[in-house]
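Only the coordinates and a few stated rules stand behind these numbers; no lab work does. Remember, it's a predicted structure, so these values are computed and weren't measured experimentally. Neighbour counts run over all protein chains shown; Cβ positions are idealised from the backbone, glycine included.
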């Protein structure tokens, strides 16, 4: 039993990394969508920025659903892509 655990340790680590990357990307999209409704911030977003956040969040979540086989590196790259588009908007707001 211990030898089986050692045998699958690397595979388990890859799966955990993939799940963590997926959760990070998914949570980030939901967090950005929720930010649009925060009382202190919702009036500071332009209509264009709101539309960008809503559309990019939706398309990224759809990408996650359609790419369940994507590895952790692909999901991390997608996260950086999305973050690169959201950060300038959030910098304007704050």
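None of 18, 51, 78, 22 is on the phi < 0 side of the Ramachandran plot and without any contact (Cβ under 8 Å) to a residue 40 or more places away in the chain except 51.
Just so you know, in the range 65-92 the residues that are surrounded by 17 or more Cβ atoms within 10 Å (Cβ to Cβ) and under 16 Å from residue 33 (Cα atoms) include one that is farthest from the chain's Cα centre (by Cα), and it is 89.
Residue 35 fulfils the conditions (1) closer than 18 Å to residue 66 by Cβ; (2) surrounded by 13 or more Cβ atoms within 10 Å (Cβ to Cβ) except for a single criterion, (1).
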